[in-house]
1. Given only helices, namely DSSP H runs of n ≥ 4 each adding -39500 (n - 2.57), what is the per-residue ellipticity at 222 nm of the chain, to the nearest 500 deg cm²/dmol?
2. Enter the mean projected area of the convex hull around the alpha-carbon atoms of segment 39-90, in nm², rounded to one decimal.
3. Mind listing the phi-derived Karplus ³J(HN,Hα) values for segment 3-8, rounded to whole Hz, using 6.51, -1.76 and 1.60 with θ = phi - 60°, and x for any glycine or proline?
4. For the chain, report the accessible area per residue in Å² (1.4 Å probe, heavy atoms, rounded to an integer).
5. Tell me, which longest segment in the chain has none of the trypsin sites (Lys or Arg not before Pro) that fall in DSSP loops with at most 15 further Cβ atoms within 10 Å?
6. Report the one residue of 81, 45, 57 whose Cα lies farthest in the direction of the positive end of the charge dipole of the chain (charges on C-beta: Lys and Arg +1, Asp and Glu -1; origin at the Cα centre).
7. With springs only between Cα atoms under 10 Å, which of 80, 66, 41 fluctuates most in a Gaussian network model of the chain?
8. Give me the angle, in degrees from 0 to 90, between the Cα long axis of helix 29-40 and the longest principal axis of the Cα atoms of the chain, rounded to the nearest 10.
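The values are calculated or read from the model by the stated rules, or taken from the named source; none is laboratory data. Please read these numbers as outputs of a predicted model, since none were measured by experiment. Note: ideal-geometry Cβ built from the backbone for every residue, glycine included; neighbour counts use all protein chains shown. The accessibility values were calculated without ligands, DNA or RNA, using every heavy atom of the protein model including side chains. Shrake-Rupley method; radii C 1.70, N 1.55, O 1.52, S 1.80 Å.
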Amino acid sequence: MNPLPLDWGSYSRWVCVDDRVGWLKQPTDAELQEAVDRKHGNLPLYKQKYEDIDLLLVADRSFNSGKLYGVENLCVCNPGFRTVYFLSYPESIQCIG
C-alpha cells in the first residue's frame, strides 16, 4: 500500500480487496493473434494425435487475468486449426478464425 499524506491523520477506513476485481477490457485482434500464434507452435504435435484441431481461447472473467469481454467482429489469422473460438467465460463464445 502507498502511504497516505501526513495531513490525513490516522485514517482507519482501509478495506482489503482481493485480486478478483477490476475493469473489463475489450480484446484486440492483435492480442488474440498473439495467443493463437503461441498455440500454433504446438500444432504439429497435436496433429500427430488428432486430425481436426479446434482452438479455444478462454478468458475467465472471474480472475483479473481474464477480464476480457467478447465483442463482434473479432478476427484472427488462422494458421492451421480447423476453427478458432474465443470464450469470454461465463457469458459468450464466438468464432474468430
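1. On the way: 2 runs with 19 residues, N = 97.
Theoretical 222 nm ellipticity from helices: -5500 deg cm²/dmol.
2. Numbers: hull surface 17.3 nm².
If you wrap the Cα atoms of segment 39-90 in a convex hull and average its projections, you get 4.3 nm².
3. x, 7, x, 4, 6, 7
4. Numbers: 7470 Å² over 97 residues.
Per-residue accessible area for the chain comes out at 77 Å².
5. Numbers: sites that count: 13, 20, 82.
Here the longest run is 21-81.
6. The residue sitting most towards the positive pole is 45.
7. Comparing 80, 66, 41 in the GNM, the peak value goes to 41.
8. Approximately 60 degrees, to the nearest 10.
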